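*Asks:* Have a look at the structure that comes next, please.
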Amino acid sequence: MLTGALAALAAALCWTLASSLWHRLPTSLSAVQLNLLKNLLALVLLAPALVLQPWRVGWDSLLLLAASGVLGIALGDSLYFAALRRLGTRRCLTLDAGGPAVTAVAGFLWLAEWPSPLQWLGVGLISLAVLLVARQKPERSPAAGLAVPAAAQRLGVLLALGALLCGSGGALLARAALRAGELDPLQSAVLRLAAASLVLLPLLRGVPASPPRPRPAQRRWPLWLAATLLGTSAGIALQQTALQHLPGALAVALMATAPVMALPLAPLEGDRPGVTGVLAALLALGGVSCVVVG
């Protein structure tokens, strides 16, 4: 239990730090191009550890994992990166905490799985957190000292909600494939990343060989490498460790602490959460706990 709890909290911390690094990364690449390069780097980092493992996968599982990678990683992560540039780490993570609530509502709509009263309370708390985040005043850029336009703020909220829907759908497809028991979680992660990269690969032509250097000039590859290691490699491994040692509901609840962890990082991005921001993060955490426990 202790190992699983520590792994879940560490996974939340990794995702929080990775999101902050991606937000601060100076680049002229689009969100989709950045997602492609992140996926390729993650494949390079993960593949050597899996070369010697036996691979036995049926076509049904393969197709489910491929669809999961296209929906959850290729589309979902691209939308998340685009939202991250407009909203910052704290707001994106608060909106992203609605994943368990979306899954509960989807089960009600398509599988006739009626949520419990506690789960409905959780959905309400998360919806209130989303409303508070959407109505917050735009943050100020620490570099330019200018407020982000309100239109960009609204677009960022829509992009983050789109990323949430895609990520939840991708997770459901991945869970359906893992139920067959043919692959371990890391192997499934590699297949999902490979499918996402294959779909996005044509966009590699648009990546300049020598992209413009940021001003002031600074090295970008350390931030890029650190964000990929934390978010895509370590985050996945810690997530699977938590799910292996803890009941699923408890693991999800602990990993949903990411919005709270993002609060101390907010000033680094020129973001002032205030009472509203803190309240939204706590509501999101409480809502997720209600959904997964109920």
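*Asks:* Between T276 and L6, what is the label-point separation in nm under the 7 Å Cα-to-beta-carbon projection?
*Replies:* Label at L6, label at T276, 4.0 nm between them.
*Asks:* Now for a separate question. Explain nothing, just compute: Karplus ³J(HN,Hα) = 6.51 cos²θ - 1.76 cosθ + 1.60, θ = phi - 60°, for every residue of region 38-43 in order, whole Hz, x for Gly and Pro.
*Replies:* Listing the rounded values in order: 4, 5, 5, 5, 5, 4 Hz.
*Asks:* In whole Hz and in residue order, list the ³J(HN,Hα) couplings for region 70-75 that follow from phi through the Karplus curve 6.51 cos²θ - 1.76 cosθ + 1.60, θ = phi - 60°; x for Gly and Pro.
*Replies:* Karplus values, whole Hz, x for Gly and Pro: 5, 6, x, 9, 4, 7.
*Asks:* Quick one: which residues, 5+ away or cross-chain, put their amide H under 5 Å from the amide H of R272? H built at 1.01 Å from N.
*Replies:* R140
*Asks:* By count of other Cβ within 10 Å, fewest leading, how are R192, R154 ordered?
*Replies:* Result, fewest neighbours first: R154, R192.
*Asks:* Modelling each spin label as a point 7 Å along the Cα-to-Cβ direction, I'd like the L198/D60 distance in nm, to one decimal.
*Replies:* 2.0 nm
Each reported figure results from applying straightforward, stated rules to the coordinates on display, with no laboratory input. The shown structure was predicted, so the numbers you read here are calculated from the model rather than taken from an experiment. Ideal geometry is used to build each Cβ from the backbone, glycine not excepted, and the neighbour counts take in all protein chains shown.
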